[in-house]
Each structure stands twice: as structure tokens, then as C-alpha cells.
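These notes concern the structure reproduced below.
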Amino acid sequence: MTKSVKLADIAARLNVSTVTVSKALSDQKGVSEEMREKIKKLAQEMGYKSPSESKMRKDKKSYNIGVIISERYLDQQESFYWKMYQEVVTKAVSKGCFTMFEILNHKNEQGLEMPKLLAEDKVDGLIVIGLLKDDYLSMLEEKIKKPFVYLDFYDRKYDCDAVVTDNYYGMCKLTNYLFDMGHTRIGYVGTLLYTNSITDRYFGYCKALLEHGQKIREDWIIDDRNMDNGMRDNGFAFKLPDEMPTAFVCNCDTAAGAFAEALKEKGYRIPEDVSLVGFDNYLYPGVSSLGITTYEVDIKEMARKTIHKLLKKMESGHYKQGISVVEGHMVLKESVKRLA
């Protein structure tokens, strides 16, 4: 085993006292700048570690962190979650932790099967990315014995630890931007109640409309996916109202891109005829070439907060329990036209 370097070893090499070395390394007075630099350089070359640093390294524990995502979020239309998972892995590695990934398929979720990562006791804690079915979440919360955190959703029936983006006020800001651009006839694109995010963003849209004296019209609320599986399959089509708004706020950029293509097929030009805004600032390549004005989600900060919460829970340390909301910011592109 390599012998640890002591202050006396550094002092002997430079023919100075251990007090001088100690003062130099702790940036205390009484040492010339030239000697301070020599001492610090030699300490680094010799691999010296302060007692406090050595203790921290000794006490620091590495954890195995499980991450599960439902398969319905990992098709190309929802690959935003791949990006989120990658940020979680990056933050976990920076903390000296390993991640283990499991995709929860439809059969597992329907059959209320515990994730293998938990059933086989392979992880110390768990992160769930993306909303799961109510009964599956209830099963997890009842049976899981490990610390866990939800990312990008929360359980409305349970006091959970979760990290989400600012869905409500973010969408309120986007809708207010449309009003600032002269629009008063504004619709919403998103299948309500499919996820917390879609519904919370809808209420942000409602807040802005009510504050501007506008009524919410049901015929201007457009579904963007099938309610049963969250997909745009089995003959799904956007149902346009007979009387069109001048603008739509869409629950995410992917929905906005797909909706833009559907509008173009009907002969509408964007933004000349209809303006659009989205959410996330993430559009899967090939969905649409349109530059969509949006609200960018701070994925890096969400991942950081999630790992921080989970580590504190696993270490039984102090942390802020409950739902953490991470603010994003607006990104203006070319999908909105200013009305006279």
C-alpha cells in the first residue's frame, strides 16, 4: 500500500518547517508568495491529501441507482426522456454512483410486476422518469423499501419526492406572449389528464386567458394523442374546430411539430395563418422543420436536483422533502406572427 504523504515529507524536501508548509497549504499569512507556490506545487506532485479531504474520501460511499421508464415514453416521438436519462447518468457519475436502467413494458405495468432492479435487490435507490399508471404507482409506493424520487411528474394522491419543471407558470408565460403579440383567439393542443404535465400546462393556459378576459372554449381544446396508450397511432388525427383560433399553445414541441404538419396538410400556413408555441425546447429530428417558440426545460438542473434528493434520502441526510419545481425560460423562434 502506498504510504500517505505528510506535511513533514514536504517540509524536508524544501528544507522548511512543517508550520510553514501548513500555513502555505491553508493560505495563512507568514509565508512569501514564492514559497507558498513552491509548497503547493510540490504537495500536488507528491499526492498530498489533507486529513479532512482524506476523511471525506474514506466516508464517501458509492451507490447503485436504478432508473425506470415506461416503454411508451421511449419511441422516437417521446425521446425527450432519453435526453433526460442521459443527464441523470451524467450527474450520478459525477457523484461517484452507478446507474442501472430498466424499461417497464406494457405487460409489466398492466400486470403490476415489480421492476427487476427492485425485485432482485440490485439498487440502493430508484428514480422513476415519466408518469406511470395510477395502480402501478400505488403498488410501488406500498411495496418499495428503497428511497425513490419521481422525475418530471408527481403523484397527486401521495406525498412524494419529485422534481418537475415549471409547467403551470411556463405555459402561462407562453400564452401571455401570444396576447402580447396581438392574439386573443387562442386554443390548446394536448390530451387533458393523460399526464400531470399536460394538465398543469393547460391550467397555465387557462390562467392567462381568464386574466385577459377570454373564455375557455371546449372546441379549441385539441387532443394530441390517444388517451389509452399516449400514441398517435390507430388512425389518430387532430380534429380541427370549425372556427379556427389565430394561435395555439401546444403541450410540448413534439405535439406542436406534429400539429404544424397536420395544419399544413389542411392548407394553413404557419405563422401567416396560425401561430404556434410549444414546450420543452426539444423537437425530435424529422417531426417538423419549423422553428417553434417554446419554453425551455432546464433538464440539467432537474437531473441535479433529483440526484441530490436521492443521495440525501439514501444517506438519511437533510433535504427539502416534497415537490421541487425547476424554472425554465422562453425561447423565441419563428412560429408566431404579430397581429396588427
Problem set entry | Qualifying residue in the range 221-234 (condition: assigned to a strand (DSSP E or B), at pLDDT 95 or above and either out of contact with any Pro (no Cβ under 8 Å at 6 or more places or on another chain) or not assigned by TED's automatic domain parsing to the domain that holds residue 69 (or both)) | yes
Exercise. Any idea which of (1) under 18 Å from residue 246 (Cβ atoms); (2) in contact with a strand residue (DSSP E or B) (Cβ under 8 Å, 6 or more places away or on another chain) is the one residue 182 doesn't satisfy?
Worked result: (2)
Problem set entry | Test set (1) buried (at least 22 other Cβ atoms within 10 Å of the Cβ); (2) in a loop (DSSP other than H, G, I, E, B) - residue 291 fails condition number | (1)
For this session: Give the residue, chosen from 159, 152, 166, that is under 23 Å from residue 325 (Cα atoms) and loosely packed, with under 15 Cβ neighbours inside 10 Å.
Result: 159
Exercise. Out of 253, 233, 228, 273, which single residue is surrounded by fewer than 18 Cβ atoms within 10 Å (Cβ to Cβ) and touching a helix residue (DSSP H, G or I) at 6+ places or on another chain (Cβ under 9 Å)?
Worked result: 273
For this session: For the range 65-117, enumerate the residues that are under 20 Å from residue 302 (Cβ atoms) and part of a loop (DSSP other than H, G, I, E, B).
Result: 74, 79, 95, 97
For this session: Search the range 305-325 for residues being touching a helix residue (DSSP H, G or I) at 6+ places or on another chain (Cβ under 6 Å) and not in a helix (DSSP H, G or I), and hand back the single one that is surrounded by the most Cβ atoms within 10 Å (Cβ to Cβ).
Result: 324
Exercise. Residues of the range 184-203 being surrounded by fewer than 20 Cβ atoms within 10 Å (Cβ to Cβ), more than 23 Å from residue 80 (Cα to Cα) and not charged (D, E, K, R), which ones?
Worked result: 184
Exercise. How do the pairs read when you match residues in the range 101-113 that are not assigned by TED's automatic domain parsing to the domain that holds residue 229 with residues anywhere that are small (Gly, Ala, Ser), using Cβ under 6 Å and keeping only pairs 6 or more apart or on different chains?
Worked result: 104/70
Exercise. Out of all the residues in the range 126-172, which are touching a helix residue (DSSP H, G or I) at 6+ places or on another chain (Cβ under 8 Å) and of a type in the set (Ser, Thr, Tyr)?
Worked result: 136, 154, 158, 165, 168, 169
For this session: Output the qualifying pairs, or none if there are none: Cβ atoms under 7 angstrom, residues six or more apart or on different chains, first residue in the range 181-200 and under 13 Å from residue 156 (Cα atoms), second residue not in a loop (DSSP other than H, G, I, E, B).
Result: 193/199; 197/167; 200/167; 200/168
Seminar exercise, completed: With criteria (1) within 16 Å of the chain's Cα centre (by Cα); (2) modelled with pLDDT of 95 or more; (3) surrounded by 24 or more Cβ atoms within 10 Å (Cβ to Cβ), residue 301 comes up short on (3)
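The values are calculated or read from the model by the stated rules, or taken from the named source; none is laboratory data. Owing to the predicted nature of the structure, the values given are computational and were not obtained by experimental measurement. Because the Cβ atoms are built from the backbone with ideal geometry, glycine has one as well, and the counts that use them run over all protein chains shown.
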